[in-house]
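Novice: Handing you a structure now.
The values are calculated or read from the model by the stated rules, or taken from the named source; none is laboratory data. Fair warning: this is a prediction, and the values are worked out from it, not measured in the lab. Neighbour counts run over all protein chains shown; Cβ positions are idealised from the backbone, glycine included. With ligands, DNA and RNA removed, areas are computed over all heavy atoms of the protein, side chains included. Shrake-Rupley method; radii C 1.70, N 1.55, O 1.52, S 1.80 Å.
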Amino acid sequence: SHVMRFLPVPLLIAAAVFTFFAFPYDLGFATRVVIIMLFVLSLDLILGVAGIATLGQAAMYGIGAYSAGLYAVHVTAEPLSGLLLGCISGALIAWVSGMMLMRAHGLTLIMLTIAVAQVLQEIANKAPITGGADGLRGIRMDPILGIFQFDFIGQAGFIYASTVLILVVIFLIILY
């Protein structure tokens, strides 16, 4: 039974290796698919495990992305510390908004989560530090662990995103 819980991990590794070699020039798209897979895990965690219906969790990803991007532009472009900062900032916003929203239930909760997401989106659209509607400029990434350089084809980005996905899956399997 314990072994079966971890079955998704080798399957994910096999799928990542297959994708890497079968679609070497589509790794940018494959990386976006992996990122969406992480997003789906968040949906499963909040709805499937916690039983909370929400439509605003994309705002946490946006906050995390802006935090990591601003960190890369103004502090350091080291990707692992940027990932950690993005996770912490997204979790912090989730905690703050959760403190306000957890008193609501049902349709009210769903509508309030959409409202929070819209407010955060508008803040990001208007704030000069985010680049507003034009987006954040000047983001670059240093090599992962100082070794693996991000490339035009997307090999390092795909391996990085897939590794994060696999680590998150392992964490969630252990946690739940």
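Novice: At pLDDT 95 or above and in contact with a helix residue (DSSP H, G or I) (Cβ under 9 Å, 6 or more places away or on another chain): does that describe LEU12?
Specialist: yes
Novice: Spot the failing condition for ALA68; the list is (1) open to solvent by 40 Å² or more (accessible area, probe 1.4 Å); (2) part of a helix (DSSP H, G or I); (3) of a type in the set (Gly, Ala, Ser), and only one is missed.
Specialist: With respect to (1) open to solvent by 40 Å² or more (accessible area, probe 1.4 Å); (2) part of a helix (DSSP H, G or I); (3) of a type in the set (Gly, Ala, Ser), ALA68 is out only on (1).
Novice: Please go through segment 76-86 and pick out each residue that is surrounded by fewer than 17 Cβ atoms within 10 Å (Cβ to Cβ) and more than 14 Å from TYR160 (Cβ to Cβ).
Specialist: THR76
Novice: Does VAL119 satisfy the criteria of being more than 17 Å from LEU43 (Cα to Cα), open to solvent by 30 Å² or more (accessible area, probe 1.4 Å) and modelled with pLDDT of 90 or more?
Specialist: When the stated conditions are applied, VAL119 passes them.
Novice: Out of SER42, SER97, report the one residue that is more than 18 Å from PHE171 (Cα to Cα) and either in a helix (DSSP H, G or I) or open to solvent by 60 Å² or more (accessible area, probe 1.4 Å) (or both).
Specialist: Result of the check over SER42, SER97: SER97.
Novice: Output the number of the condition that ALA15 fails; it satisfies all remaining conditions of (1) free of Cβ contacts under 8 Å to residues at least 24 places away in the same chain; (2) closer than 17 Å to SER162 by Cβ; (3) among the aliphatic types (A, V, I, L, M); (4) open to solvent by 60 Å² or more (accessible area, probe 1.4 Å).
Specialist: (4)
Novice: Find the residue count for segment 100-116, including only residues that are of a type in the set (Gly, Ala, Ser), open to solvent by 40 Å² or more (accessible area, probe 1.4 Å) and within 16 Å of ALA50 (Cβ to Cβ).
Specialist: Within segment 100-116, residues that are of a type in the set (Gly, Ala, Ser), open to solvent by 40 Å² or more (accessible area, probe 1.4 Å) and within 16 Å of ALA50 (Cβ to Cβ) number 1.
Novice: Among the residues of segment 122-171, what is the count of those that are within 30 Å of ALA14 (Cβ to Cβ), open to solvent by 90 Å² or more (accessible area, probe 1.4 Å), part of a helix (DSSP H, G or I) and β-branched (Val, Ile, Thr)?
Specialist: Selection size over segment 122-171: 0.
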